[in-house]
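Taking it in order: structure first as structure tokens, then the write-up.
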Amino acid sequence: MELTPERLVAQLDQEPLRPAYLIAGPEPLRVLEAADAVRAAARAQGIGEREVFEAEGNQREPDWNALSASFRAPSLFASRRLLELRLPTGKPGKEGSEVIADFCAAPPHDATLLISCGEWSKQHGGKWSEAIGRIGHIAVAWAIKPHELPEWIERRLRQRGLRADRDAVQSLADRVEGNLLAAAQEVDKLALLSDGETLTIERMQALVADAARFDVFRVLDAAMNGQGAQVSRMLAGLRAEGEAVPALLGMVVMELQRTAALARVSARGGNLSSEFKAQRIWDSKQPMYRRALQRHDARRWEALLAQAGRVDRMAKGREAGDAWVALERLLLAVAEPRALRLLAVAAS
């Protein structure tokens, strides 16, 4: 039976750890928190050894032979092990499907398998996921729909010991526009700042300040996630509020530099996981970068970074043009390759 990530977290408190878990979906925060809950349950139940398997370098799949060997090998330093398999695409392929199905057919007594996937749809499943469902749990983090977001925020507020009236919750939902990570960060901030009283809409708006830095994060997330319509809408809002392009551009350049560095590592077949760590990119954000890297190659990311320099010159009056229009076109090109025709950037 398919569970929600939240239901899986509750289930972990009610039963011994199962032999296998599959946590997948397009909502990275929910995937990450459910996987963290499995790890915490493993530690609480005495699992002291952990191995992680994921694709590295220019490989699209993990080392299935190594994973299969680890399934068969007894633990050297602990009585039980947690084996993590990270599949960003949610597709293990024929070889991987067989390795996972073999594990599920006769799960080792000393091992628990945790599989997390950054992408998922009805077509992703197969015999391998069905095998997991027979011996463990499957939790899918479908995207939260707009009408579901207020309830999600209200539940998270309650978990942090906070109360808020309906208008206050809706105000926060409107602000984060579906970005669960942003919503979670705001709730954590409210837990620190709240005085224990029920949050009204006035109090909510006073505590959740409209800082430009936060709004730039939202615009950049939309661009990296390929959400061009949101990019245009949020930039228009920032412009109407009187923000200046130079105040926003620093974060834009930093994000483009970071992604260009990832693209260079990927292009030469380097260890992308290590580069994520070097760039201090959280696990929950990595699927977003992986999707963005699929849209543009390393040369194009460098060209987009150069385009940011043109935006900067326009904003400072050193080059003719409307800096706001140029910034919008730049971020639309990040979100959608077809928008490259708006720039002087040749598609490769």
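The values are calculated or read from the model by the stated rules, or taken from the named source; none is laboratory data. Model, not experiment: these values are computed from the prediction. A quick note on method: Cβ atoms are made from the backbone with ideal geometry, for glycine too, and the neighbour counts reach across all protein chains shown. Just the protein is used for accessible areas: all its heavy atoms, side chains included, with ligands, DNA and RNA removed. Shrake-Rupley method; radii C 1.70, N 1.55, O 1.52, S 1.80 Å.
Quick notes on this one:
- A323 vs. criteria within 17 Å of N225 (Cα to Cα), out of contact with any Lys or Arg (no Cβ under 7 Å at 6 or more places or on another chain) and crowded, with 20+ Cβ neighbours inside 10 Å: no
- Restricting region 124-138 to residues that are assigned to a helix (DSSP H, G or I) and among the β-branched types (V, I, T), the residue that is least open to solvent (accessible area, probe 1.4 Å): I132
Residue by residue, here is whether (1) over 24 Å from S284 (Cβ atoms); (2) in contact with a Lys or Arg (Cβ under 9 Å, 6 or more places away or on another chain); (3) at pLDDT below 90 holds:
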{"position": "A184", "(1), (2), (3)": "no, yes, yes"}
{"position": "A191", "(1), (2), (3)": "no, yes, yes"}
{"position": "A223", "(1), (2), (3)": "no, no, no"}
{"position": "G226", "(1), (2), (3)": "no, yes, no"}
{"position": "A240", "(1), (2), (3)": "yes, no, yes"}
{"position": "P246", "(1), (2), (3)": "yes, yes, yes"}
{"position": "V253", "(1), (2), (3)": "no, no, no"}
{"position": "L256", "(1), (2), (3)": "no, no, no"}
{"position": "A267", "(1), (2), (3)": "yes, yes, no"}
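- In this entry, L181 passes the filter for residues that are open to solvent by 20 Å² or more (accessible area, probe 1.4 Å), touching a residue at least 40 places away in the same chain (Cβ under 8 Å) and either within 22 Å of M234 (Cα to Cα) or in contact with a Leu (Cβ under 9 Å, 6 or more places away or on another chain) (or both).
- Single residue of F71, F77 found to be open to solvent by 40 Å² or more (accessible area, probe 1.4 Å), modelled with pLDDT under 90 and farther than 23 Å from V140 by Cα: F77
- If you go through region 286-330 and keep only what is under 15 Å from L256 (Cβ atoms) and under 17 Å from the mean Cα position of the chain (by Cα), you end up with M288, Y289, A292, L293, R295.
- Qualifying residue in region 43-66 (condition: touching a Gly at 6+ places or on another chain (Cβ under 7 Å), open to solvent by 60 Å² or more (accessible area, probe 1.4 Å) and either at pLDDT below 90 or among the hydroxyl-bearing types (S, T, Y) (or both)): yes
- So A260, is it small (G, A, S), open to solvent by less than 20 Å² (accessible area, probe 1.4 Å) and either touching a Cys at 6+ places or on another chain (Cβ under 6 Å) or in contact (Cβ under 8 Å) with a residue 60 or more places away in the chain (or both): no
- For region 300-311, the criterion of being touching a residue at least 40 places away in the same chain (Cβ under 8 Å), of a type in the set (G, A, S) and closer than 16 Å to G228 by Cβ is met by no residue.
- Among all positions in region 112-120, there is no residue which is open to solvent by less than 20 Å² (accessible area, probe 1.4 Å), of a type in the set (A, V, I, L, M, F, W, C) and assigned to a helix (DSSP H, G or I).
- Residue check for S284: over 21 Å from L181 (Cβ atoms) and in contact (Cβ under 8 Å) with a residue 40 or more places away in the chain: no
- One residue stands out among those in region 224-251 that are of a type in the set (A, V, I, L, M) and closer than 19 Å to P146 by Cα: the one that is nearest to the chain's Cα centre (by Cα), which is V231.
- Region 91-104 residues that are hydroxyl-bearing (S, T, Y), paired with ones that are assigned to a helix (DSSP H, G or I) and open to solvent by less than 30 Å² (accessible area, probe 1.4 Å) (beta carbon under 6 Å, 6 or more apart): S97/W128
- Restricting region 1-32 to residues that are surrounded by fewer than 19 Cβ atoms within 10 Å (Cβ to Cβ) and among the acidic types (D, E) leaves a set whose member that is farthest from I144 (Cα to Cα) is E15.
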